[in-house]
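The structure under discussion appears below in the form of C-alpha cells.
We did not get these values from a lab; they are worked out from the coordinates using the rules stated. Because the structure is a prediction, the values reported are computed rather than measured. Note that we place each Cβ from the backbone using ideal geometry, even for glycine, and neighbour counts take in every protein chain shown.
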Amino acid sequence: MTELSREQQTEFEAAAFRRLVRHLRERTDVQNIDMMNLAGFCRNCLSNWYRDAANEAGVALDKEASREIVYGMPYEEWRARYQREANDAQKTAFEVNRPKE
C-alpha cells in the first residue's frame with residue numbers, strides 16, 4: 001500500500017467528497033429515502049456530517065447552510081423541484097432500516 005502524507009490524505013478525501021456531492025446533485029432522480037433504505041445515509045446525513053465537522057473545528061455552520069452546500073441550492077427549493085412522496089413500500093423499508101440512535 002502506498003504511504004500517503006496527512007496532506008495528501010486530506011486532499012484526496014476532499015476530492016472524493018466533492019465528487020460525491022457533484023454526483024448526488026446530478027442524480028436528482030435518486031430519493032433520499034431510497035438512499036437511506038439501501039445505504040443507511042442520505043444527502044441530509046452528509047450535510048449533518050459536514051456541519052458537525054465545521055462546528056468541531058469552531059466554525060459556526062447552521063443546518064440550512066450545510067444542506068445548501070450538499071444540495072447545491074436551498075433545501076426547500078430542492079424538495080419542491082425533486083422530492084416525490086414516498087410510497088408505502090419505501091416507508092415500510094425505512095421503518096425497518098432507519099438508523100437506531
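Values computed for the structure shown
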| item | result |
| --- | --- |
| Potential extension, residue 53-residue 28 segment - 0.36 nm per residue separation minus Cα distance | 6.5 nm |
| Calculated FRET value between residue 92 and residue 9, using beta carbons and R₀ = 35 Å, to 0.05 | 0.30 |
| Top positive-direction residue, dipole computed over the chain with Cβ charges, set 92, 10, 42 | 92 |
| Charge dipole (debye, nearest 20) of the stretch 6-97; +1 at Cβ of Lys and Arg, -1 at Cβ of Asp and Glu | 200 |
| Qualifying GluC sites (Glu not before Pro) for the stretch 1-67 [loop in DSSP, other Cβ within 10 Å: at most 15] | 3 |
| Residue range of the chain that is longest and free of trypsin sites (Lys or Arg not before Pro) which are both DSSP loop and sparsely packed (at most 15 other C-beta within 10 Å) | 28-83 |
| Kirkwood Rh in Å, taken over all unlike Cα pairs in the chain | 15.2 |
| Span per principal axis, largest first, for the Cα atoms of the stretch 1-50 (Å) | 37, 21, 20 |
